[in-house]
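Have a look at the structure below before the remarks.
The values are calculated or read from the model by the stated rules, or taken from the named source; none is laboratory data. Predicted model only: the values in this text are computed from it and were never measured. Every residue, glycine among them, receives a Cβ derived from its backbone with ideal geometry; neighbour counts consider all protein chains shown. The accessibility values were calculated without ligands, DNA or RNA, using every heavy atom of the protein model including side chains. Shrake-Rupley method; radii C 1.70, N 1.55, O 1.52, S 1.80 Å.
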Amino acid sequence: MCHPSWGRARTAAQRLSDLARLRRVRDRIDREYAQPLNVEALARGAHAYLMTRRIERATALLRRGDLSVTEVCFAVGCSSLGTFSTRFTELVGMPPSVYRRRATGAAAGMPTCVAKQVTRPVRNQEAPVAEPQLA
């Protein structure tokens with residue numbers, strides 16, 4: 001298990017990265033508002049941040065174990081179960097149904113703050129790759 005301060009450092013670094021991305025989008029809009037802007041490209045940066053936050057909240061709700069995957073999907077603001085499941089799998093490394101099943105047992109007895117750090121999603125298909133098991 002990693003040292004708890006590593007999880008806090010990663011969380012802080014990710015939040016700073018997210019804020020920097022949003023500031024760059026905002027600053028570009030402020031600088032170039034009179035020019036034709038590619039709103040779709042600007043929105044992609046903001047949407048990645050939003051989806052990461054939605055998946056982060058979804059992991060917390062799935063760990064609780066009292067809501068179905070569909071209920072969690074809609075509770076975090078997603079309107080498509082397919083898109084939610086695909087993005088969840090990309091960020092977390094497993095489908096939400098598998099995560100829910102594993103997390104409810106694995107997080108039992110674990111302080112919420114530790115469970116949140118350990119299971120926090122990362123962005124842009126950076127889900128950890130499973131290490132080969134050595135016999």
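Would you mind listing the helices (runs of 4 or more DSSP H) fully within the range 1-109 where at least 2 residues are modelled with pLDDT of 90 or more, touching a Cys at 6+ places or on another chain (Cβ under 7 Å) and surrounded by 11 or more Cβ atoms within 10 Å (Cβ to Cβ)?
81-92
How many residues, within the range 25-63, are of a type in the set (S, T, N, Q) and under 16 Å from L81 (Cα atoms)?
Residues meeting the conditions: 2.
Looking only at residues that are more than 20 Å from the chain's Cα centre (by Cα) and among the polar types (S, T, N, Q) in the range 19-72, which one is nearest to S97 (Cα to Cα)?
Checked the range 19-72; the qualifying residue nearest to S97 (Cα to Cα) is N38.
Taking only pairs six or more apart or across chains, which ones have beta-carbon atoms under 7 Å, a first residue in the range 34-47 that is under 18 Å from S17 (Cβ atoms), and a second residue that is open to solvent by less than 40 Å² (accessible area, probe 1.4 Å) and aliphatic (A, V, I, L, M)?
Correct list of pairs: L42/V25; G45/V25; A46/V25.
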